[in-house]
Amino acid sequence: MSTERSNKFYIHTFGCQMNQADSAIMTALLVQDGYVPAENEQDAGIILLNTCAVRENAVERIEHYLQHLLGMKRKQKDLILGVAGCIPQYQREEMFSMSPAIDFLAGPDTYRTLPSLIRQVRAGTRASSLEFDPAETYEGIDPLRQGAITAYVPVMRGCNNMCAYCVVPFTRGRERSHAFSMVLEEVRKVAASGYREITLLGQNVNSYCAPDTALDFAGLLDAVSREVPDLRIRFTTSHPKDISEALVRTIAGRPNICNHIHLPVQSGSSRVLGLMNRGHTIEEYREKIALARSIIPDVSLSTDLIAGFCGESEEDHQLTLQLLSDIRFDAAYMFFYSTRPGTLAARTLEDDVPDPVKKRRLQEIIDLQNAISAELLQEAVGSVVEVLAESESKRSAGQLMGRTETNRAVVFDRQGYQPGDLVRVLITSATSATLTGTPA
Ligand code: SF4
């Protein structure tokens, strides 16, 4: 392998926005140590998989991908393969048995050790770094992000909740908030680099508490929106039990904070929410929705749903369908429950809902939510909305794709506009997921 290639790396990112933000940190750490990003995996001497462990199929996907990489390594003997992120943190060194192709493992708190892991492999040994570090926030590292329009800015890492189905506490460790000064410095740099939108990231941003100023998330969001008033500000993910009136009033009070709240509910049944250890009832959830709508009448709401959790009855499922009909979310991420070894549910509950029932319930949830999304988007036809153009549309180079501040996807005729432009668009048609239009 040429020296030039052996010095090049390529990162495949799987899973959530936090993993995308971490890949930008890993890129910066490797570039700092003299490595060069490759355009694609064929040009790289080092390949890194940044993995997700949230559901079984996420792990299966990596197992398949490792077979492909094993084939590449047979042709390219000194290709180095590292696996990072949530799967190695979750499976620890056992993951080496998943494939002989794996040379090193790195957990979400150990990316500063990547250069030394590569050196160890080059010295002839497999290597791993899987310690949790409750103080690690990668302060001082300027992430090298992909894209030029929207940027993810983590404001905290880890999670102190223990939702029964969730692996995050076991893969990302205890919660720690980034210093207020660190977040402000990062958003200034992002704005100076020309980004047009920032998404503040955390597993549960509502429990943010600045270690240097004790400011809560509402305070941080307000400060960020004033620091970069020309950028759109989004945030995710909120936990219903921690969302506050102060936060909703901050969203209402600042023109550049997007009018969208993603509030995972998971189930419409308080009994199931109890089994999930979510820390709130469905009545309390409905009160938070009513609070948000009382302060911001046209607030856009989206959610997460799990069908077929342990012990879920048909009545519980009907309560979930009723909740969707009552609240009419703009959109939802919908999955059926899959057991994650080591979680509270795996240790204390029986996965007793048969797969065909899980899948049937999930399909009913999807069908109902898609019908609601289609109706809500249809209501937007004939209106003019402001869209931040993000990229060329996959459909044609003559169209751009972007999102409204309410997080609705819009595809519109280009007419000389470029990604990064804020465009007023007349909506001419809608599907259940996308609005289509032309500049007004
Ligand atoms: S809040 Fe619950 S679901 Fe979200 S990351 Fe934390 S443990 Fe997982």
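The values are calculated or read from the model by the stated rules, or taken from the named source; none is laboratory data. Keep in mind it's a predicted model, so treat the numbers as computed, not measured. Because the Cβ atoms are built from the backbone with ideal geometry, glycine has one as well, and the counts that use them run over all protein chains shown. Side chains included, ligands, DNA and RNA excluded: accessible areas come from the protein's heavy atoms. Shrake-Rupley method; radii C 1.70, N 1.55, O 1.52, S 1.80 Å.
Beta bridges from DSSP with both residues in region 114-266: antiparallel share about 20 percent, rounded to the nearest 5.
How large is the accessible surface per residue of the chain, computed with a 1.4 Å probe and reported in Å² as a whole number?
Roughly 41 Å² per residue, with all protein chains present.
Taking the Cα centre of the chain as origin and assigning +1 to Lys and Arg Cβ atoms and -1 to Asp and Glu Cβ atoms, the resulting dipole is close to 840 debye. Entry for region 253-331 at q = 0.12 Å⁻¹: log10 I(q)/I(0) = -0.35, Debye formula applied to identical alpha-carbon scatterers, no solvent contribution. FRET efficiency for the Gln363 to Gln76 pair, using the beta carbon distance and R₀ = 30 Å, is estimated at 0.10. Just add up the charged neighbours of Val190: K/R +1, D/E -1, any other residue whose Cβ is under 14 Å from the Cβ of Val190. Residues near Val190 contribute 0 overall. For region 153-211, the direction-averaged projected area of the alpha-carbon convex hull comes to 4.5 nm². In this rough spin-label picture, where each label sits 7 Å from Cα along the Cβ direction, the Ala214-Asn7 distance is 5.1 nm. Solvent-accessible area of Asp298, all protein chains in place: 110 Å² (probe radius 1.4 Å, heavy atoms, ligands and nucleic acids excluded).
Springs join every pair of Cα atoms under 10 Å in this Gaussian network model of the chain, and among Ser244, Ser300, Ser396 the largest mean-square fluctuation is at Ser396. Cysteine residues of the chain whose Cβ has no partner cysteine Cβ closer than 4.7 Å: Cys16, Cys52, Cys86, Cys159, Cys209, Cys258, Cys310. Among the protein heavy atoms of the chain, carbon and sulfur supply 51% of the accessible surface, probe 1.4 Å, non-protein parts ignored. With the whole protein complex present, Arg424 retains an accessible surface near 140 Å², based on a 1.4 Å probe.
Our summary of shape: the Cα atoms of region 384-439 have principal axis extents of 25, 20, 16 Å, ordered from largest down, in whole angstrom.
For Arg403, Arg172, what's the largest-to-smallest order of accessible area, 1.4 Å probe? Working shown, then result.
Numbers: Arg403 50, Arg172 10 Å².
In descending accessible area the options line up as Arg403, Arg172.
The candidates Asp133, Asp78, Asp109, arranged from most to least accessible area with a 1.4 Å probe in the full protein assembly, appear as Asp78, Asp133, Asp109.
Please give the FRET efficiency for Leu291 paired with Asn40, using the beta carbon to beta carbon distance and R0 = 51 Å, rounded to the nearest 0.05. List each step's numbers first, then the result.
Values: r = 48 Å, r/R0 = 0.94.
FRET efficiency, Leu291 to Asn40: 0.60.
Taking Cβ atoms as reference points and 10 Å as the exclusive limit, the residues near Leu130 contribute a net charge of -2, counting Lys and Arg as +1 and Asp and Glu as -1.
Spherically averaged projected area of the convex hull of Cα atoms, region 150-379: 12.7 nm². Take every DSSP beta bridge whose two residues both sit in the chain; close to 35 percent of them are antiparallel.
For Thr199, what is the net charge nearby, where nearby means another residue's Cβ is under 13 Å from its Cβ and Lys, Arg count +1, Asp, Glu -1?
Details: positive: Arg145, Arg196, Arg232, Arg234, Arg403; negative: Glu186, Glu197, Glu390, Glu405.
Result for the local shell: +1.
Each of Glu405, Glu379 has its accessible area taken with a 1.4 Å probe; listed largest first, they run Glu379, Glu405.
Annotation for Arg226 and Ala148: the two label points, set 7 Å from Cα along the Cα-Cβ direction, are 3.2 nm apart.
Grab the DSSP H runs of the chain that are 4 residues or longer, score each as -39,500 (n - 2.57), total them, divide by all residues and round the 222 nm result to the nearest 500 deg cm²/dmol. Intermediate results must be reported in sequence, preceding the final value.
Numbers: 14 runs with 156 residues, N = 440.
My calculation for the chain gives -11000 deg cm²/dmol from helical runs alone.
Kirkwood hydrodynamic radius of the chain, from the reciprocal of the average inverse Cα-Cα distance over all distinct pairs: 23.2 Å.
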